[in-house]
1. Within 11 Å, Cβ to Cβ, of THR77, how many net charges do the neighbouring residues add up to if Lys/Arg are +1 and Asp/Glu are -1?
2. Which FRET efficiency value, to the nearest 0.05, do you get for GLU21 and ALA92 by plugging their Cβ-Cβ distance into 1/(1 + (r/R0)^6) with R0 = 35 Å?
3. Just to confirm a number: summing +1 for Lys and Arg and -1 for Asp and Glu over residues other than ALA88 whose beta-carbon lies under 9 angstrom from that of ALA88, what do you get?
Amino acid sequence: MRPAQRWDAEDLIARGVRSCEELTSEFKALVNGVSDPELRKVLRAVFTDRSFFERFAECPGSQAYHHAYLGGLIEHTNAVAALCRSLADQYANVDRDLLVTAALLHDIGKCEELVLRHGHRVHR
């Protein structure tokens, strides 16, 4: 036996039911909904890095708890940002753009925390 040189992560880890295209489109709409130019600049600085965004969109949301499947991180992020947007609409003194931006960024470290190596999910 030899270690596989190439493998597909979907052979080892489940994928969520929503398509990557659907989740990416929803994510981009949330980013585009931020009207503050400085906050949008921050979001674009992070998420326009193609390599990072591919890892972000593919990454599980956790190892064993919520959204623990491929694409789980972006799905979780979308859900949190949508909740924040809705909550901000209920309170006049809440900075909606800041809250949504924080939600979109809150778990970006998961891309470094949860990585796939040689067919195994590793918690750093």
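Only the coordinates and a few stated rules stand behind these numbers; no lab work does. Only a predicted model underlies this, so the values are computations on that prediction, with no experimental measurement involved. Positions of Cβ are backbone-derived with ideal geometry, glycine not excepted, and every protein chain shown enters the neighbour counts.
1. The answer is -2.
2. That gives a FRET efficiency of 0.45.
3. Neighbour charge sum, excluding ALA88 itself: -1.
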